[in-house]
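Reviewing the structure listed below.
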Amino acid sequence: MKTITIGRGEGCHIYIDDELMSRRHAIIKIPTFGGMEIVDMSKNGTFVNGVRLRPNVPFPVKRTDVVNFADVAQLDWSQVPDPMKYYKLGAAIVGGLVVLLLAIFLLKNLLSTSEEPSSKPATEQRQQSATPIGQQTKPVVEEPAQEQDESKAEPQSPAATEGQEAQSDTYDPVKEFNKAVQASKDRREAEERARQQKAREQKAKEQKAKEQQQKEQQQKEQQKEQQKQPDSQKQEDGKPSDGGSSGKKEYNPEMI
């Protein structure tokens with residue numbers, strides 16, 4: 001840990017010549033790793049961002065803070081060494097080297113891929129130049145037979161031709177996007193049709209159940225009416241007719 005003294009004393013690292021400054025006004029503690037701390041050791045006070053510090057109490061500070069001493073002088077951070085400066089520089093150098101190596105690696109891969117197709121014609125030319133002259137002048141007789149064999153070959157199926165056309169076509173992101181949109185649209189329409197069909201089936205079931213319930217209710221009412229009809233007939237049979245008698249003989253005094 002490094003300690004920087006500030007004041008108007010001759011042995012201070014940062015010398016400020018003012019009567020309000022103490023000989024050893026404040027100290028800044030700079031650790032190897034971590035944050036800095038400032039300690040006020042004066043009578044007139046030390047201020048960080050307008051807030052006065054308590055004497056002899058460490059207070060964390062950053063290089064972006066505004067530090068005033070007795071309201072007469074402001075700390076110049078350029079006079080305070082930065083221990084992380086060399087670490088930051090080293091990290092920047094390492095990052096630059098990594099980026100450079102990646103760029104070289106990618107460039108080498110691109111060059112190797114571009115040289116592979118061009119190397120094939122060169123090898124073919126070397127093979128042709130290496131063949132004897134007598135062999136080059138000989139006529140090739142097998143080519144017509146091969147052409148006839150190819151003409152006699154079976155025609156390819158439509159699926160195979162479609163596969164070849166699909167392979168020959170280049171990848172078009174717009175077409176793929178349109179296909180995906182159309183597929184999602186078809187899926188939504190199918191789901192909507194299925195939902196409507198299900199709703200119609202449910203409605204038909206409810207209507208059928210309602211009709212069945214009404215039919216059962218009508219049957220019950222008919223049964224009740226049929227039960228009432230025999231009772232009314234029995235009552236009518238038990239009543240005397242208008243011209244008949246009730247079964248009891250009336251008393252007639254003339255008959256004695």
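For Glu189, what accessible area in Å² do you get when you roll a 1.4 Å probe over the heavy atoms of the protein chains, rounding to the nearest 10?
Glu189 exposes around 80 Å² with every protein chain in place.
So for Met41, Met36, Met1, what's the accessible-area order with a 1.4 Å probe, most first?
The ordering from most to least exposed comes out as Met1, Met41, Met36.
Longer than 22 Å from Cα to Cα, which of Lys62/Lys85; Lys108/Lys175; Lys29/Lys88; Lys29/Lys62; Lys203/Lys224 are they? Say none if no pair is.
In this structure, Lys108/Lys175; Lys203/Lys224 lie more than 22 Å apart at Cα.
Heavy atoms of the protein only, probe of 1.4 Å, neighbouring chains included. What is the accessible area of Lys220 in Å², nearest 10?
For Lys220, solvent-accessible area is about 120 Å².
Karplus couplings for the range 55-65 from phi (6.51 cos²θ - 1.76 cosθ + 1.60, θ = phi - 60°), rounded to Hz, Gly and Pro as x?
x, 6, 10, x, 9, x, 9, 10, 6, 8, 6
Count the net charge of all other residues whose Cβ sits under 14 Å from the Cβ of Ala194, scoring Lys and Arg as +1 and Asp and Glu as -1. Present the calculation step by step, with values, prior to reporting the outcome.
Details: positive: Arg187, Arg188, Arg193, Arg195, Lys198, Arg200; negative: Asp186, Glu189, Glu191, Glu192, Glu201.
Surrounding charge for Ala194 is +1.
Heavy atoms only, probe 1.4 angstrom, no DNA, RNA or ligands counted: give me Phe105, Phe59, Phe69 ranked by accessible area, highest first. Write out the running numbers ahead of the final one.
On the way: Phe105 120, Phe59 80, Phe69 0 Å².
From most accessible down to least: Phe105, Phe59, Phe69.
Quickly rank 16-25, 43-52, 198-207 as a protection proxy: mean count of other C-beta atoms within 10 Å, highest first.
16-25, 43-52, 198-207
The values are calculated or read from the model by the stated rules, or taken from the named source; none is laboratory data. Just so it is clear, the structure is predicted and the values come from calculations on it, not from any experiment. Note: ideal-geometry Cβ built from the backbone for every residue, glycine included; neighbour counts use all protein chains shown. The protein model used for the area step is the full one, side chains on, heavy atoms only, and it has no ligands, DNA or RNA in it. Shrake-Rupley method; radii C 1.70, N 1.55, O 1.52, S 1.80 Å.
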